[in-house]
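K.L.:
Sharing a structure below in structure tokens format, with a few things to ask.
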Amino acid sequence: MQNLLMDIIFPQQVCCICREPGRYRTRKPWCDKCEENLIIMQDSLPICDKCGKYMDEGEGICAECQKTPPLFDIARAVGPYDEPYRIAIKVLKFMGRRHLAVRMGRMMARVVNEEPRFWPIDLIIPVPASPGHLKQRGFNQTEELGRQISRDIRVKMDAKTLKRVKETPAQRELSREEREKNLLYAFKAEENTKIYRKHLLLVDDVYTTGSTSKECTRTLLDAGAERVCVITWATGVGF
Ligand SMILES: [Zn+2]
Ligand SMILES: [Zn+2]
């Protein structure tokens with residue numbers, strides 16, 4: 001309803017990715033050419049069987065996962081963290097186009113539905129935003145994505161059990177070590193029956209170093225979860 005109203009009051013006059021003029025809506029926020037690009041890019045390179053990152057060559061498991069096997073079962077993304085995937089997430093996150101999460105969440109749900117290794121899933125957990133970001137943007141983009149995934153795969157979402165307890169500075173400019181140190185104990189999971197011995201699907205927007213997904217997974221497993229899988233909109237390239 002909210003989206004329908006938004007479409008009527010504020011119809012988008014340009015494609016949110018390439019700015020091509022036209023009429024764009026919640027269900028179709030970008031043009032056909034951008035849609036085609038998004039799809040072509042999905043299978044452009046081999047991916048790591050464990051973390052889902054795009055590898056320059058080879059197959060199997062990436063060097064990083066071999067060195068330090070992640071605690072999550074698998075992580076997958078819709079596509080590589082490159083244009084147009086990068087633009088879509090920026091528009092959602094920084095330009096406040098909340099409704100973009102409908103189409104993006106739908107594409108993420110499809111990846112989950114098509115990969116049997118994600119299943120079973122008892123509950124969806126979005127990566128919590130820091131209170132500062134929440135105040136600035138008014139919404140948590142991972143929760144928006146999670147809500148759509150929840151609808152599409154018919155699994156409940158819980159946005160309260162996992163909390164961010166430490167305000168973390170922007171991660172982008174930091175090295176891997178700094179990121180990991182920064183995130184250590186940044187999250188806390190309530191020990192409750194909703195996650196105890198349950199199979200969880202963690203939702204994040206982007207997987208780059210994987211530090212956030214890994215720290216959230218550790219926190220959830222420590223709180224008693226049985227198993228965690230990760231779905232993101234985009235993932236790193238060239239490892
Ligand atoms: Zn376009
Ligand atoms: Zn990997």
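K.L.:
Within straight cross-link reach of residue 67, meaning Cα distance under 16 Å, which lysines are found once same-chain residues fewer than 8 apart are removed?
P.N.:
Leaving aside lysines fewer than 8 places away in the same chain, those within reach of residue 67 are 50, 53, 214.
K.L.:
Testing the spin-label approximation: label points 7 Å from Cα along Cα→Cβ at residue 57 and residue 166. State their distance in nm.
P.N.:
Result for the modelled spin labels: 3.9 nm.
K.L.:
Just the number: Rg to Rh for segment 1-144, Cα atoms, Kirkwood Rh, two decimals.
P.N.:
For segment 1-144, the value is 0.99.
K.L.:
Here's something else I'd like to know. What GluC sites (Glu not before Pro) in segment 41-91 are in a loop by DSSP, with at most 12 other Cβ atoms within 10 Å of the Cβ?
P.N.:
Filter output for segment 41-91: 57, 59.
K.L.:
Using modelled amide H (1.01 Å from N, peptide plane; none on Pro or chain starts), what sits under 5 Å from the amide H of residue 12, excluding residues fewer than 5 places away?
P.N.:
It is 24, by chain and number.
K.L.:
Which value, in Å to one decimal place, does the Kirkwood hydrodynamic radius take for segment 49-118 when every pair of different Cα atoms is included?
P.N.:
One over the average 1/r among Cα pairs gives 13.8 Å for segment 49-118.
K.L.:
Can you give the helix-only mean residue ellipticity at 222 nm for the chain, where every DSSP H stretch with n ≥ 4 adds -39500 (n - 2.57) and the sum goes over all residues, rounded to the nearest 500 deg cm²/dmol?
P.N.:
After summing the helix terms and dividing by the residues of the chain, the value is -11000 deg cm²/dmol.
K.L.:
Collect residues whose amide H, placed 1.01 Å from N in the peptide plane, falls under 5 Å from the amide H of residue 202; neighbours closer than 5 in sequence don't count.
P.N.:
Residues meeting the amide H criterion: 125, 229, 230, 231.
K.L.:
Under the rule of at least 5 residues apart or a separate chain, name every residue whose amide H is placed under 5 Å from the amide H of residue 157.
P.N.:
Here 124 satisfy the definition.
K.L.:
Quick check: pseudo-label points 7 Å beyond the Cα along Cα→Cβ at residue 156 and residue 86, how many nm apart are they?
P.N.:
About 4.0 nm separates the two model spin labels.
K.L.:
Considering just Cα atoms, how many Å³ per residue does the convex hull of segment 46-235 enclose?
P.N.:
113 Å³
Quick note: the coordinates plus some simple rules give every number you see, no bench work behind them. The model shown is predicted, which means the values in this text are computed figures rather than measured ones. Every residue, glycine as well, gets a Cβ built from its backbone with ideal geometry; the counts of neighbours run over all protein chains shown.
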